[in-house]
Amino acid sequence: MHPPAPAEEQVTTRAYGDRLIASVAACAWAPLALTALAAAAGCVVALALPASLAAAVDAAVTGRDALPATVRLAFLLGGTALIDIVSAIAGAAYSASAAGSLRMRLAARLLAVSIVEAGRLPTGELVNRLVSNAATTASVPMTLIGAVSGLVTSVGGVVALFTVDWRVGAAFLTGVPLALVVMRVFVSGVSGLYDRYQAAQGRLAARLTETLAGIRTVRAAGTASRETSRVLRPLPDLSAAGHALWRAQSRGGWQLMLALSLIEILVLATAGFGVAEGRLEPGAFLAAAGYTALGLAFAGLTETLMGVAHGRSAARRLCQVFALPVLPPGTVPLAAGPGVLSFRGVTVTREGGPLLDDICLDIPAGAMTAVVGPSGAGKTTLALLAGRLTDPDRGQVLLDGQCLADLDPATLRGAVAYAFERPALLGGDLAAAIAYGGTVSDLEEIRAAARAAHIDDVIRRLPAGYRTPAAGVRLSGGEVQRLGLARALLRRARLTVLDDATSSLDTVTEAQVTSALRDGSRGRTRLVIAHRPATAARADLVVWLDAGRIRAQGTHSELWRDPAYRALFAAASNGEKPCPATP
């Protein structure tokens with residue numbers, strides 16, 4: 001099957017965006033329905049007001065009893081105020097519910113996406129879409145209700161003008177075609193500009209997020225001005241799109257106002273001649289003025305349609321997030337087993353090239369296995385596959401003979417523990433951050449894991465100890481890594497994966513932690529991404545990756561005989577004495 005042409009792809013994206021908007025409306029149907037009812041009631045009251053005002057004026061002018069007409073007018077005015085209150089409350093409830101629901105769906109989608117696929121969109125882009133684009137998309141159903149309400153009010157006003165006098169109605173319709181042409185040209189012109197504006201806004205947000213994340217590096221390098229220029233590079237595109245929008249709005253605005261003014265002048269002149277000739281009562285002139293204002297409500301559709309265009313553009317951006325492939329959850333429970341991890345013909349391809357190429361590997365149960373190799377060899381990809389944070393393009397990854405893709409996610413997460421290079425401290429205080437994702441909440445067990453990771457003494461020196469809020473604590477990169485290691489050790493999982501989780505530790509601490517991992521986790525399988533010879537020397541098995549393939553495997557002392565293997569650690573050893581044999 002041939003890929004869709006650009007025009008076909010654009011149509012498909014728009015269709016998906018419209019479906020997303022419809023699903024958002026369905027998620028918060030109750031407040032949306034109340035808003036629609038309030039809008040319908042508002043149309044009825046608005047159409048009744050000019051006639052009621054005309055009746056009150058005619059009664060007063062002719063000397064008839066004006067009390068009934070005045071009471072009706074007061075009742076309608078009170079109804080208008082009540083409808084406005086209900087509409088405001090229901091609208092706020094809908095906006096909060098719909099935007100919140102959409103953000104939850106987006107977050108759930110991102111959490112279900114492969115780690116590798118999630119990295120295709122920069123963090124700043126994702127934040128912009130999650131916050132700004134989600135709210136804009138959620139507002140479209142409310143905008144459409146306003147559009148329908150305005151259209152009904154406008155049509156009702158025109159019909160009412162014909163009931164006042166057919167000449168007045170005809171005068172109104174004379175200028176409508178011109179106004180419609182102006183509106184059509186304006187809306188078609190701004191739709192593409194919204195896409196350009198939001199794309200530039202997303203690029204700017206992505207660059208700003210990257211810079212804020214590396215603010216210390218920028219300050220230390222003295223490159224603030226250069227980084228500012230890089231962050232603001234999309235600004236000309238943003239400015240150009242924004243100015244184009246303003247020019248389009250300005251041009252369309254004065255053209256539309258001119259057309260509407262001509263319509264109003266025609267109607268009022270016709271009604272005025274009618275009163276002067278005695279064909280119409282004075283109140284009819286007021287009614288004609290009121291219904292003209294209602295009839296011109298269709299002009300407000302320009303702003304409404306702009307809001308819809310903006311919302312559809314935002315929805316298309318969200319569809320790009322929902323289009324990211326998810327890891328389909330399995331349903332099979334994980335049976336008991338010793339923790340044998342197997343890779344069978346595993347291939348992972350990204351950006352047209354292989355990250356891993358036909359990997360066949362068995363990690364023995366209870367063993368500590370180190371994975372070594374140069375940068376780009378596929379070590380991190382192998383670690384991600386071990387706990388199904390991503391899926392292979394071909395082949396299978398098995399834990400104790402069961403394919404990870406078939407396993408229930410809850411049982412798999414309970415069997416595999418991870419420690420990363422930059423662990424996130426989630427959960428509240430430091431105790432909760434260490435226990436995050438597990439079932440252990442006993443403080444003594446948490447402290448035992450912290451002692452094994454050599455971070456307990458650091459935590460105890462803090463004023464609040466383990467109750468120190470994780471979000472505001474000042475720790476070094478190595479101390480944060482040790483907290484992540486403590487979390488992994490606390491899990492006592494069947495398989496523990498350390499993805500470059502000791503890179504920020506000094507040599508002594510790294511040796512202590514590795515020894516704790518080796519001796520304190522005996523009987524459980526451990527997979528360690530290693531960069532230092534001392535780590536590889538303490539492992540039971542070393543797997544040497546090169547260009548996505550297994551170059552060799554064996555013990556560290558066996559592989560040390562190869563000069564190319566020794567060269568892997570030349571830069572990483574940083575002066576430490578190489579470890580040719582396992583102690």
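Quick notes
- Some residue of segment 342-349 being open to solvent by 20 Å² or more (accessible area, probe 1.4 Å) and at pLDDT below 90: yes
- Condition met for L245 (in a helix (DSSP H, G or I), among the hydrophobic types (A, V, I, L, M, F, W, C), over 24 Å from D165 (Cα atoms) and open to solvent by less than 60 Å² (accessible area, probe 1.4 Å)): yes
- Residue in segment 493-501 that is open to solvent by 10 Å² or more (accessible area, probe 1.4 Å), among the aliphatic types (A, V, I, L, M) and within 28 Å of C360 (Cα to Cα) present: no
- Only one entry of L301, L258 meets the criterion of being farther than 20 Å from W166 by Cα, open to solvent by 20 Å² or more (accessible area, probe 1.4 Å) and modelled with pLDDT under 75, and that entry is L301.
- Single match in T228, T223, T209 (criterion: at pLDDT 80 or above and β-branched (V, I, T)): T228
- Filter result for A424 (in a loop (DSSP other than H, G, I, E, B), open to solvent by 10 Å² or more (accessible area, probe 1.4 Å), of a type in the set (A, V, I, L, M) and free of Cβ contacts under 8 Å to residues at least 40 places away in the same chain): yes
- Among the residues of segment 327-341, those identified as in contact with a helix residue (DSSP H, G or I) (Cβ under 9 Å, 6 or more places away or on another chain), surrounded by 16 or more Cβ atoms within 10 Å (Cβ to Cβ) and not small (G, A, S) are L327, L334, L341.
- Any hit, segment 376-396, residues being assigned to a strand (DSSP E or B) and either of a type in the set (V, I, T) or under 22 Å from G437 (Cβ atoms) (or both): no
- Any hit, segment 315-324, residues being open to solvent by less than 20 Å² (accessible area, probe 1.4 Å) and farther than 30 Å from N128 by Cα: no
- Check on D442, over 30 Å from R120 (Cβ atoms), open to solvent by less than 50 Å² (accessible area, probe 1.4 Å), without any contact (Cβ under 8 Å) to a residue 40 or more places away in the chain and charged (D, E, K, R): no
- Counting the residues of segment 464-490 that are among the hydroxyl-bearing types (S, T, Y) and either in a loop (DSSP other than H, G, I, E, B) or open to solvent by 40 Å² or more (accessible area, probe 1.4 Å) (or both) gives 2.
Yes/no per residue for (1) open to solvent by 60 Å² or more (accessible area, probe 1.4 Å); (2) touching a strand residue (DSSP E or B) at 6+ places or on another chain (Cβ under 7 Å); (3) under 24 Å from E445 (Cβ atoms); (4) in a helix (DSSP H, G or I):
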position: T514; (1), (2), (3), (4): no, no, yes, yes
position: R518; (1), (2), (3), (4): no, yes, yes, yes
position: L527; (1), (2), (3), (4): no, yes, yes, no
position: V543; (1), (2), (3), (4): no, yes, no, no
position: S557; (1), (2), (3), (4): no, no, no, yes
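The values are calculated or read from the model by the stated rules, or taken from the named source; none is laboratory data. Just so we're clear, the structure is a prediction, and the values are computed from it rather than from any experiment. Note that each Cβ is placed from the backbone with ideal geometry, even for glycine, and that neighbours are counted across all protein chains shown. Protein only, heavy atoms only, side chains kept; ligands, DNA and RNA dropped before computing areas. Shrake-Rupley method; radii C 1.70, N 1.55, O 1.52, S 1.80 Å.
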